[in-house]
1. Can you confirm whether B:ARG122 is out of contact with any strand residue (DSSP E or B) (no Cβ under 7 Å at 6 or more places or on another chain), more than 11 Å from chain A (Cβ to nearest Cβ), modelled with pLDDT of 95 or more and loosely packed, with under 10 Cβ neighbours inside 10 Å?
2. Go through (1) β-branched (Val, Ile, Thr); (2) more than 10 Å from DNA strand D (Cβ to nearest atom); (3) in contact with a strand residue (DSSP E or B) (Cβ under 8 Å, 6 or more places away or on another chain) for A:VAL74 and report which single condition fails.
3. If B:GLU80 passes every condition in (1) in contact with a strand residue (DSSP E or B) (Cβ under 8 Å, 6 or more places away or on another chain); (2) within 11 Å of DNA strand C (Cβ to nearest atom); (3) within 13 Å of chain A (Cβ to nearest Cβ); (4) among the charged types (D, E, K, R) but one, which one does it miss?
4. A:ALA21 is checked against (1) more than 16 Å from the chain's Cα centre (by Cα); (2) facing chain B (nearest Cβ under 9 Å) and fails just one. What number does that condition carry?
5. Under 7 Å between Cβ atoms, which residue pairs at least 6 apart in sequence (or on different chains) link something in the stretch A:29-53 that is at positive phi with a partner that is away from DNA strand D (no atom under 12 Å from the Cβ)?
6. Any residue that is more than 14 Å from the chain's Cα centre (by Cα) and either within 12 Å of DNA strand D (Cβ to nearest atom) or hydrophobic (A, V, I, L, M, F, W, C) (or both) - is there at least one of those in the stretch A:77-88?
7. Just checking, which of A:ALA51, A:ALA10, A:ALA43 is part of a helix (DSSP H, G or I), open to solvent by 20 Å² or more (accessible area, probe 1.4 Å) and more than 10 Å from chain B (Cβ to nearest Cβ)?
8. Output the residues belonging to the stretch B:63-106 that are assigned to a helix (DSSP H, G or I), open to solvent by 70 Å² or more (accessible area, probe 1.4 Å) and closer than 27 Å to B:PRO36 by Cα.
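The values are calculated or read from the model by the stated rules, or taken from the named source; none is laboratory data. Owing to the predicted nature of the structure, the values given are computational and were not obtained by experimental measurement. Here the Cβ positions follow ideal geometry from the backbone for every residue, glycine too, while neighbour counts run over all protein chains shown. The protein model used for the area step is the full one, side chains on, heavy atoms only, and it has no ligands, DNA or RNA in it. Shrake-Rupley method; radii C 1.70, N 1.55, O 1.52, S 1.80 Å.
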Number of protein chains: 2
Amino acid sequence: MVKQMLNQNAQQLDHVFRALADANRRAIIDQLSRGPASVSELARPLGVTLAAVVQHLQVLEQGGLVRSEKVGRVRTCHIESSGLDAARDWLGERRALWERRLDRLGEVLAEQKQEKVKKRKRDE
Amino acid sequence: MVKQMLNQNAQQLDHVFRALADANRRAIIDQLSRGPASVSELARPLGVTLAAVVQHLQVLEQGGLVRSEKVGRVRTCHIESSGLDAARDWLGERRALWERRLDRLGEVLAEQKQEKVKKRKRDE
DNA sequence: ATGATACTTAAGTGACGGCTTGACTATCGT
DNA sequence: ACGATAGTCAAGCCGTCACTTAAGTATCAT
């Protein structure tokens, strides 16, 4: 059950990071982080087809980075936090582990240094 | 020149996020964030060939997430901060923009509410 | 009702990604 | 010197990706 959770988590992260790994998709997030937009508004600055944008949006929605509703004939898109959170959390966790290790390493080195100092003093 | 910087930045982000978009590569980072390891040590828990790990390492190094030196016949790998920083910074910036917008939206809504209250008071 | 707008869907294409195998090199222990 | 260990390189396989075109559907304005 824990494994199941990890797998789901892993898949979620796959989707998030994959979604972020494309410049056009990041540009879409960029624009949406400044305010909601329709599909055509998103397509205009990118210089690609509407169809391409729709495909990007599918990837972004799967990653939990964007949400959208259609009212009438226009679909309005906006940022979703959950994907960004998942990415940020994962990054933060690894970083914490890694920095804690560097701290411990620093302590060990400092202790070794101290040992040397003591030794030197003893030898004087 | 600004554009050049943006392009380089974009390429860097492409590499970082692409590197993170694979479960095996994230597992490698996971292990390395707990301490340095050789290529074979990284391969063992993954159940893939050494060759595959070497390829993952190339991607990770390109993304600035891992560094490695070879001494004798063993290559020792450890985490690099620059890739993680780039990813974290980008995420943070979009998030800030987006939250600021939500704040402004909140203010606008609050002001509108206030207007209504004033109006009601005036009408009493 | 008709034309224009705003998507949506399906199919195809060329490039790239992750992985393997197999042959090779360099280094270590004895 | 010898076999075992640790990694490297090249080729190939198959699936996925980003994108396009082409043909739809639904909605809006007149």
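1. When the stated conditions are applied, B:ARG122 does not pass them.
2. The one condition A:VAL74 does not meet is (2).
3. (2)
4. Here A:ALA21 clears every test but (1).
5. Note: pairs meeting the criteria are A:GLY35/B:ARG101.
6. yes
7. Details: A:ALA10 fails: more than 10 Å from chain B (Cβ to nearest Cβ); A:ALA43 fails: open to solvent by 20 Å² or more (accessible area, probe 1.4 Å).
Result of the check over A:ALA51, A:ALA10, A:ALA43: A:ALA51.
8. Correct list: B:ARG88, B:ASP89.
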